[in-house]
Amino acid sequence: MQSKELKQMEALLLAKKSALLKDVEERFKKQKDDNNEKLTDVAEIASSSLSSDMEMHLVEEDARELKQIEDALARIKAGHYGTCEQCGLLIKKARLKAIPFTTLCITCKEEEEKEDNVRETKSKYNLDEALGSSDLRDVDDMDKKRMRNKMMEMEMDDSKG
């Protein structure tokens, strides 16, 4: 990638970082303001709790994206930006413009997603098998979904470690 293009990508990443930091700051300010309000009934408390959970999830997503942006900026400085971490080939410019912090070329990303889908399917099958053969037959769909997600998280943690 040419020096001019790298500078453009760096500027794009820095602008994205600045916007995310501003969003996070606004969310924290809103969260602080919301926590200072006095809630009077159960519905308000439940609604506030749900809103807080959603805000925290968004903050976590923003933090993850900020980390990816910081990593991309570090790759620019190190001279590795635009190279697929999986296969070592150059990532197409159109992909980098769409997702400036990406670390994988489209081929490797598609392969990763296929593997994730296979793991998810296996995990779902194992959970359904476990639930079907136990006394948990009365567990509602939401509980099954939560358990599936927890199992997938654990499997993802295992595969990283």
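The values are calculated or read from the model by the stated rules, or taken from the named source; none is laboratory data. Remember, predicted model here, so these are calculated numbers, not experimental data. Because the Cβ atoms are built from the backbone with ideal geometry, glycine has one as well, and the counts that use them run over all protein chains shown.
Among the residues of the stretch 51-68, is there at least one that is more than 17 Å from the chain's Cα centre (by Cα), modelled with pLDDT under 80 and in a helix (DSSP H, G or I)? So that I can check it myself, show each step before the final result.
Our first condition is that a residue be more than 17 Å from the chain's Cα centre (by Cα); within the stretch 51-68, this holds for 51-52.
Restricting the remaining residues to those that are modelled with pLDDT under 80 gives 51-52.
Still in the list and also in a helix (DSSP H, G or I): 51-52.
Yes, the stretch 51-68 contains a residue that is more than 17 Å from the chain's Cα centre (by Cα), modelled with pLDDT under 80 and in a helix (DSSP H, G or I).
For the stretch 25-37, the criterion of being outside any helix (DSSP H, G or I) and modelled with pLDDT under 80 is met by at least one residue. What are the pairs, 6+ residues apart or on separate chains, where a residue within the stretch 1-19 that is under 12 Å from Tyr81 (Cα atoms) has its Cβ under 8 Å from a residue that is hydroxyl-bearing (Ser, Thr, Tyr) and surrounded by 14 or more Cβ atoms within 10 Å (Cβ to Cβ)? Short answer, once both residue conditions are applied: Met1/Tyr81; Leu6/Tyr81; Met9/Tyr81. Among the conditions (1) over 20 Å from the mean Cα position of the chain (by Cα); (2) closer than 18 Å to Gln8 by Cα, the only one that Gly88 does not satisfy is (2).
When the residues of the stretch 63-98 are filtered to those that are of a type in the set (A, V, I, L, M) and over 23 Å from Ser18 (Cβ atoms), the one that is surrounded by the fewest Cβ atoms within 10 Å (Cβ to Cβ) is Ala94.
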